[in-house]
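One structure is given below, encoded as structure tokens.
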Amino acid sequence: METKMLDAHIPLPLAERLDALALDLALPRDEIVIKAIAAWLDSEERRRIVALRTIAAANTIVVVEHDRVIDWADSL
């Protein structure tokens, strides 16, 4: 698989946590970062789909005029 080198400035406490986890799990930092980015992207894509579906559903809502609701309620 082709790869692309990305540079990121990471706050020192976060970098230290990453280093500690990589050491504990005996995994390369790259592997942990790749999994974290993939999980974040999956989550954001799911959130976006839910938001778009919600917007689409809201656009299909049928609005009933107030007077018609009152007339219906009075008929009960």
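Under a 1.4 Å probe, what is the accessible area of the chain per residue, stated in Å²? All intermediate terms of the calculation are to be shown ahead of the outcome.
Values: 7600 Å² over 76 residues.
Ligands and nucleic acids excluded, the result is 100 Å² per residue.
Can you send over the carbon and sulfur percentage of the accessible area for the chain, probe radius 1.4 Å, protein chains only? The partial results should precede the final answer.
Values: 4680 of 7600 Å².
Of the solvent-accessible surface of the chain, carbon and sulfur hold 62 percent.
The values are calculated or read from the model by the stated rules, or taken from the named source; none is laboratory data. Please read all numbers here as calculations on a predicted model, not as lab measurements. Only protein heavy atoms, including side chains, enter the accessible area calculation; ligands, DNA and RNA are left aside. Shrake-Rupley method; radii C 1.70, N 1.55, O 1.52, S 1.80 Å.
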